[in-house]
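Here's the structure we're looking at; comments come further down.
The values are calculated or read from the model by the stated rules, or taken from the named source; none is laboratory data. This is a predicted model, so every value here is computed, not measured. For neighbour counting, all protein chains shown are included, and Cβ atoms are generated from backbone atoms with ideal geometry for every residue, glycine included.
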Amino acid sequence: MIDVLIIGSGGAGLTAALAAKNAGASVTVVGKAYPTNSQTSMAQGGINAALGNVEEDHISSHIADTIKSAHGLCDEDMVRHMCADALKTIEWLENLGVPFSRLDNGKIGTQTIAQRQMGGASAKRACYAQDYTGLKILHTLYDTCLKENIDFLNEHYLLNLITKEGTVKGATFLDIRTGEVKQINAKSVVIATGGYASLYHGFTTNAYGSTGDGVAAVLRAGGAVSDMEFIQFHPTALKHSSILISESARGEGGYLINEKAERFVDELKPRDEVARAIFSQIKEGQRVFLDVRHLGEEKLMELLPQEVELCKMHEHVDPATDLIPIKPVAHYTMGGIDVDYALEVNGIKGCFAVGECSNAKVHGANRLGGNSLLEITAFGKLAGENAYKHAVYASSKSTDNSQKEKDSTEIEILFSQETTSNFYPYREALGNLFYEKVGIVRENDQLHEALNEVIAMQVTQKEMGITDKSLTNNQNLIDFLEFKNALLLAPTIISAAIARDESRGAHFKVGFENENETLKKHIVLQWKKEETCK
């Protein structure tokens with residue numbers, strides 16, 4: 001039995017793995033893809049830390065900006081912990097070899113790291129590596145894990161957590177390459193499986209696989225989730241492909257204009273305000289563009305080379321000479337697995353959660369740009385260390401294989417049963433439904449309609465299945481399992497949105513346009529044995 005099982009191989013999981021390994025744990029990292037394919041690579045703009053390298057800045061300002069962006073729906077102690085750890089986190093990443101962009105200021109170490117301003121920030125605080133920040137951090141973490149001889153199991157899809165008397169004992173996985181169901185026993189588990197923004201299929205910057213697999217597994221195992229209604233819509237995704245154009249483009253001076261060439265919003269306001277302003281323009285029949293032409297080709301290639309290439313490849317425009325057509329799409333999920341100060345899952349002992357799948361109460365109603373990379377590294381270390389501490393005192397006695405047998409049976413049924421309904425059109429329909437009725441602007445009537453449609457999909461799901469019956473590398477099977485998780489989480493998002501009769505951050509509701517102090521609280525959902533929610 002291993003000490004610490006890490007589920008998810010993005011930045012949060014890799015950081016947790018390094019921390020647990022450094023503490024003395026035996027560690028295995030399991031991911032459904034490969035580490036370098038994780039969503040961390042999509043965090044392009046930067047990682048926040050009040051270094052004050054470009055202009056005066058303080059930790060207190062970082063804390064205040066985070067709380068303001070969260071609209072008060074955060075735990076200030078957790079926010080202080082994250083922001084205060086930022087300098088040490090940047091120093092750690094720099095020592096590992098992250099190639100941050102540099103200032104020519106004659107100084108040394110972290111004092112030379114370049115910083116830019118992101119939306120909602122009161123200073124130039126985001127440390128960056130051109131517009132590849134998340135990618136560079138991810139690759140450096142992975143390289144370090146390999147040097148530390150940490151074990152990896154790639155292409156293993158999480159099925160369920162194994163629990164006994166409310167304590168985690170490991171998890172079951174589908175080996176995608178062979179089709180075999182496997183059980184991994186562990187003294188403690190860290191879930192770092194990412195968010196659930198791909199419920200907005202076709203209208204999200206996320207990869208198809210960001211369907212909240214870890215969040216759904218926690219719900220099934222009796223753990224709690226919270227703040228599921230808060231989904232951040234990124235203001236600038238390419239109009240036709242939904243591919244992200246980083247906030248760094250606006251941080252470096254890009255404009256947002258409509259087809260009349262009018263600037264209609266302060267580009268560096270928090271993301272929820274900018275996204276709603278763009279959405280309003282589109283509703284009025286206006287096309288909206290990101291304009292970076294005035295920055296010049298030389299500066300664009302120096303600071304934003306990836307954005308330039310993405311625009312050329314996917315939108316067939318050259319940002320140095322052309323306007324970039326954009327739209328707001330689902331980008332980041334603030335809610336997720338409900339955890340305590342130690343990042344332990346509420347309802348499951350010995351199980352920890354970190355990163356976008358986790359609700360550590362630092363993002364609240366609206367995440368501050370640049371805080372996601374900080375959270376996964378600062379709190380990734382915390383999760384790994386605490387998981388090892390639990391493992392030290394946990395029983396090494398393995399549990400039985402009843403969960404594995406149950407999951408194996410369910411997979412066998414999928415291969416044997418006849419399929420009368422193709423689930424792929426329903427996946428498309430779910431994405432459209434969520435973008436239209438559980439999107440940037442919400443109304444109670446539409447939310448109730450959406451809930452009824454999701455329930456109808458859940459009923460129809462019994463007729464759905466897979467058409468590809470091959471055991472090995474069966475993407476059809478993985479797509480279906482992800483869709484089932486999406487359908488499981490969909491009602492939690494809609495129900496929480498219905499319950500929140502106010503507008504706060506990313507949750508904006510027609511008829512309830514102001515914040516309501518009585519609703520300045522977290523909406524927590526948890527499956528009980530009788531399969532009801534509280």
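Annotations
- Top-ranked residue of the stretch 83-112 - restricted to ones that are more than 27 Å from the chain's Cα centre (by Cα) and among the basic types (Lys, Arg), ranked as farthest from Gly370 (Cα to Cα): Lys107
- For the stretch 1-27, the set of residues classified as touching a strand residue (DSSP E or B) at 6+ places or on another chain (Cβ under 6 Å) and part of a helix (DSSP H, G or I) consists of Gly13, Ala16, Ala17, Ala20, Lys21, listed by residue number.
- Test: residue in the stretch 375-389 that is of a type outside the set (A, V, I, L, M) and under 30 Å from Asp501 (Cβ atoms): yes
- Look at the stretch 15-27: where a residue is basic (Lys, Arg) and a partner is surrounded by fewer than 24 Cβ atoms within 10 Å (Cβ to Cβ), sitting 6+ places away or on another chain with Cβ atoms under 9 Å, you get Lys21/Cys145; Lys21/Glu148; Lys21/Asn149; Lys21/Ile150.
- Boolean, Leu73 is of a type in the set (A, V, I, L, M) and farther than 26 Å from Lys520 by Cβ: no
- When Leu295, Leu373, Leu303, Leu310 are checked against the criterion of being within 27 Å of Thr492 (Cα to Cα) and either among the hydroxyl-bearing types (Ser, Thr, Tyr) or in contact (Cβ under 8 Å) with a residue 40 or more places away in the chain (or both), a single residue qualifies: Leu373.
- Within the stretch 52-82, if we keep just the residues that are more than 19 Å from the chain's Cα centre (by Cα) and buried (at least 22 other Cβ atoms within 10 Å of the Cβ), the residue that is farthest from Asn105 (Cα to Cα) turns out to be Asp65.
- Taking the stretch 200-256 as the range and being under 30 Å from Pro305 (Cβ atoms), among the aromatic types (Phe, Trp, Tyr) and crowded, with 24+ Cβ neighbours inside 10 Å as the test, the residues that pass are Tyr200, Phe233.
- Subset of the stretch 28-81 that is out of contact with any helix residue (DSSP H, G or I) (no Cβ under 7 Å at 6 or more places or on another chain), assigned to a loop (DSSP other than H, G, I, E, B) and hydrophobic (A, V, I, L, M, F, W, C) - its residue that is nearest to Gln232 (Cα to Cα): Ala70
- Residues being in a loop (DSSP other than H, G, I, E, B), out of contact with any Ser or Thr (no Cβ under 8 Å at 6 or more places or on another chain) and within 19 Å of Leu373 (Cβ to Cβ) - total across the stretch 329-352: 1
- Selected residue (criterion: surrounded by the fewest Cβ atoms within 10 Å (Cβ to Cβ)) from residues of the stretch 389-410 that are under 23 Å from Ala19 (Cβ atoms) and in contact with a Lys or Arg (Cβ under 8 Å, 6 or more places away or on another chain): Ser396
- Pick from the stretch 456-487, criterion among the aliphatic types (A, V, I, L, M) and assigned to a loop (DSSP other than H, G, I, E, B), ranking: surrounded by the most Cβ atoms within 10 Å (Cβ to Cβ): Ile466
- Residues in the stretch 333-355 that are aliphatic (A, V, I, L, M) and on the phi > 0 side of the Ramachandran plot: Leu343 only.
- Residue within the stretch 394-405 that is in the same structural domain as Val4 (by TED's automatic domain parsing), among the β-branched types (Val, Ile, Thr) and not in a helix (DSSP H, G or I) present: yes
- Which numbered condition Thr467 fails, given (1) over 29 Å from Ala192 (Cβ atoms); (2) free of Cβ contacts under 8 Å to residues at least 24 places away in the same chain: (2)
- Residue check, Thr211 among the hydroxyl-bearing types (Ser, Thr, Tyr), farther than 30 Å from Glu405 by Cβ and in the same structural domain as Phe508 (by TED's automatic domain parsing): no
- Matching residues in the stretch 488-531 - criterion: being assigned to a helix (DSSP H, G or I) and farther than 15 Å from Gly72 by Cα: Leu488, Leu489, Ala490, Pro491, Thr492, Ile493, Ile494, Ser495, Ala496, Ala497, Ile498, Ala499
- When the stretch 433-455 is filtered for residues that are touching a helix residue (DSSP H, G or I) at 6+ places or on another chain (Cβ under 7 Å), assigned to a helix (DSSP H, G or I) and in contact (Cβ under 8 Å) with a residue 60 or more places away in the chain, the ones remaining, listed by number, are Phe434, Asn444.
- Residue satisfying condition, being at pLDDT 95 or above, among the small types (Gly, Ala, Ser) and farther than 26 Å from Glu502 by Cα, within set Ala221, Ala249: Ala221
Yes or no, residue by residue, for (1) farther than 30 Å from Lys269 by Cα; (2) in a loop (DSSP other than H, G, I, E, B):
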| position | (1), (2) |
| --- | --- |
| Val98 | no, yes |
| Asp104 | no, yes |
| Lys107 | yes, yes |
| Ala121 | no, yes |
| Phe152 | yes, no |
| Thr163 | yes, no |
| Thr172 | yes, no |
| Arg177 | yes, yes |
| Gln183 | yes, no |
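- A residue that is of a type in the set (Ser, Thr, Tyr) and part of a loop (DSSP other than H, G, I, E, B) can be found somewhere in the stretch 246-267.
- Tally of residues being outside any helix (DSSP H, G or I), at pLDDT 95 or above and surrounded by 14 or more Cβ atoms within 10 Å (Cβ to Cβ) across the stretch 285-318: 9
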